[in-house]
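Working notes, beginning with the structure itself.
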Amino acid sequence: MDSGVRAQGIVSFNFSELVTNGYWPRSVSPCVDAEEMLSGDPTAGRLVLLTEGRSDRRALEGGLSVLMPHMMEYFSFFDFDLSSSEGGAPALVRMIRAFIGAGIKNRVVAIFDNDSAAKGALGPLRRQGPLPRNFRVLQLPPLPLLRSYPTEGPSGTVRENVNGRAASIELYFGEDVLRRSDGSLTPVQWSAVEGGIRAWQGAVTDTDKARLQRAFADKVERWRGKAVPLDERTWDGMRRIIRSLTRAFADA
């Protein structure tokens, strides 16, 4: 039974072999250094999460609070409201470069939409060479639902694979949110060709986006504090995103 009380204890690490074999100078005091770092920065040790905008941040915070509430304290979300920063994929690339230039020591994960705009913005960043070891750049993961999804554009209304082309975070809110009153899925609108990669960029309309964000916020409130069954498929999209975030440094 979960009493709500956190277990506490002492974890000890023996560094003696590192010192005696010459890998670590005797002058190093890891415990003192760690204490100074943590006391100087209350968010030290947290994973800093950068998103394309405030709506992405709110969605990820909501999904995490329902699916993995015990992990909330390990993430520090960039605050767009406090900083008045602009949003979008190009702005997120500039933010990544600014964080790198500032010598940020925290582990940082930047997550982009899985669309053509993000792919075009990321091209120059990826071509400039490897990022520092404490940085990871991700895009929203592919989603089976989006392999055949309704789109509207020059060719009329057709089903297409929008993974990598038009997958903004709203499409990960679950079918219960995406379905309109008539039962149909909220379509993606093709808007323009992304020049850098010569691929169509698409998204749900601004009106639909606002409606979906409100519906997802209501969904989060309904589920908050409840255990989501593994067979509850309406949370599959958010599960995939959160899994990619928690495993971002698995190879470190």
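Of all residues in the range 86-109, those being closer than 22 Å to S76 by Cβ, in a helix (DSSP H, G or I) and either without any contact (Cβ under 8 Å) to a residue 40 or more places away in the chain or not aliphatic (A, V, I, L, M) (or both) number 9. Out of all the residues in the range 110-165, which are more than 17 Å from T51 (Cβ to Cβ), in contact with a strand residue (DSSP E or B) (Cβ under 8 Å, 6 or more places away or on another chain) and assigned to a strand (DSSP E or B)? Y149, P150, T151, E152, G153, T157, V158, R159, E160 - these are the residues of the range 110-165 that are more than 17 Å from T51 (Cβ to Cβ), in contact with a strand residue (DSSP E or B) (Cβ under 8 Å, 6 or more places away or on another chain) and assigned to a strand (DSSP E or B).
Exactly one residue out of D218, D208, D182 is in contact (Cβ under 8 Å) with a residue 12 or more places away in the chain and over 21 Å from P142 (Cα atoms), and it is D208. Given the condition among the polar types (S, T, N, Q), farther than 30 Å from P229 by Cβ and either at pLDDT 95 or above or surrounded by fewer than 18 Cβ atoms within 10 Å (Cβ to Cβ) (or both), answer yes or no: does some residue in the range 126-146 qualify? Within the range 126-146 (the criterion being among the polar types (S, T, N, Q), farther than 30 Å from P229 by Cβ and either at pLDDT 95 or above or surrounded by fewer than 18 Cβ atoms within 10 Å (Cβ to Cβ) (or both)), the answer is yes, since at least one residue qualifies. Of all residues in the range 168-177, exactly one satisfies the criterion of being crowded, with 20+ Cβ neighbours inside 10 Å, farther than 15 Å from G202 by Cβ and without any contact (Cβ under 8 Å) to a residue 60 or more places away in the chain, namely V177. Taking (1) part of a helix (DSSP H, G or I); (2) within 14 Å of the chain's Cα centre (by Cα) in turn, V66 satisfies each apart from (2).
Residues checked against (1) surrounded by fewer than 18 Cβ atoms within 10 Å (Cβ to Cβ); (2) over 23 Å from the mean Cα position of the chain (by Cα):
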residue: E160; (1), (2): no, yes
residue: A166; (1), (2): no, no
residue: R179; (1), (2): yes, yes
residue: D182; (1), (2): yes, yes
residue: A192; (1), (2): yes, yes
residue: A199; (1), (2): yes, yes
residue: T234; (1), (2): yes, no
residue: F249; (1), (2): yes, no
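The numbered conditions (1) exposed (fewer than 13 other Cβ atoms within 10 Å of the Cβ); (2) of a type in the set (V, I, T); (3) assigned to a loop (DSSP other than H, G, I, E, B) are all true for T207 except (3).
Restricting attention to the range 163-184, the residues that are more than 23 Å from R58 (Cα to Cα) and touching a Ser or Thr at 6+ places or on another chain (Cβ under 7 Å) add up to 0.
The values are calculated or read from the model by the stated rules, or taken from the named source; none is laboratory data. As the structure is a computational prediction, the values presented were derived from the model and not from experiment. Methodologically, a virtual Cβ is constructed for each residue, glycine included, from the backbone with ideal geometry; neighbour enumeration extends over all protein chains shown.
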